[in-house]
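Notes to accompany the following structure.
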Amino acid sequence: MPAAFPESSLAAALNALLDAQPAALSRLMRHAGKALRIALPVFPLNLVLDESGRFLARIEADSVAPNLILTPLPGALPLLLVDGKLADLFRIEGDGVFAADISGALADFDWVLALRPYLGDIAASRVDRFLRGIMAWRQQAHDDSGRNLAEYVVYEQALLVEPNAARAFIADVDTLREDVDRLRARLMLLESKQQA
């Protein structure tokens, strides 16, 4: 069975991580029997979920169409640095609820529970704290990059107007329009008095 070797290895790795994740398993259980294909360029990986929410290698991949196909996007790797989600990393075809539950299971992953049997309580907690720090740093870097880009576009290149300046300009235009309307009304009143 050499054809199922990559699928078996991936299924074993995913199941080892899911064994310590009861919330993720319960989320995936409702998709029992559904097939998933990760459409890698060289060889696609075909998996199926069993009744317990665990992944199995799917041998008869060509005979039945998968419920969900995840195709990696070429520019997806940099998106991991800017809060990438499953929909950012893969082109999703098929069962959207299945894709959402896989994405949710990955997002709610508890590293302390997964690493505790291998590293112990203290080391698992420190790894979890480290990973949370990286996630916080990634979010902070994303926010700072956005702010820096906005400042560059507004102040350095003058491609966009600063929001407070735009509000002030609009308020000034509204005031000018009101003044013009009052002047027009006065002029019409004067004309009507001269004609009478």
In whole angstrom, the spacing between the Cα centers of the stretch 125-196 and the stretch 13-34 equals 48
Counting all Cα-Cα pairs in the stretch 93-196, those more than 17 Å apart amount in percent to 77
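Multiply the residue gap between Glu93 and Lys193 by 0.36 nm, knock off their C-alpha separation, and tell me the result in nm, one decimal place.
Using 0.36 nm per residue and subtracting the Cα-Cα distance, I get 28.5 nm.
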Going fewest to most other Cβ atoms within 10 Å around each Cβ, Lys34, Lys193 line up as Lys193, Lys34
Placing each pseudo-label 7 Å from Cα in the direction of the beta carbon, Tyr118 and Met29 end up separated by a distance in nanometres of 2.5
About its Cα centre, the stretch 116-195 carries a charge dipole, from +1 on Lys and Arg Cβ atoms and -1 on Asp and Glu Cβ atoms, whose size in debye to the nearest 20 is 320
Dipole check, the stretch 116-195, charges on Cβ (K,R +1; D,E -1), about Cα centroid: among Ser125, Ala136, Gln195 the Cα furthest to the positive pole belongs to Ser125
Exposure-ranked with fewest Cβ neighbours within 10 Å first, Met188, Met29 stand as Met188, Met29
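No value in this document is a laboratory result; all are computed from the given coordinates. Not measured: the values here are computed from a predicted model. Glycine also receives a Cβ, built like all others from the backbone with ideal geometry; neighbour counts cover every protein chain displayed.
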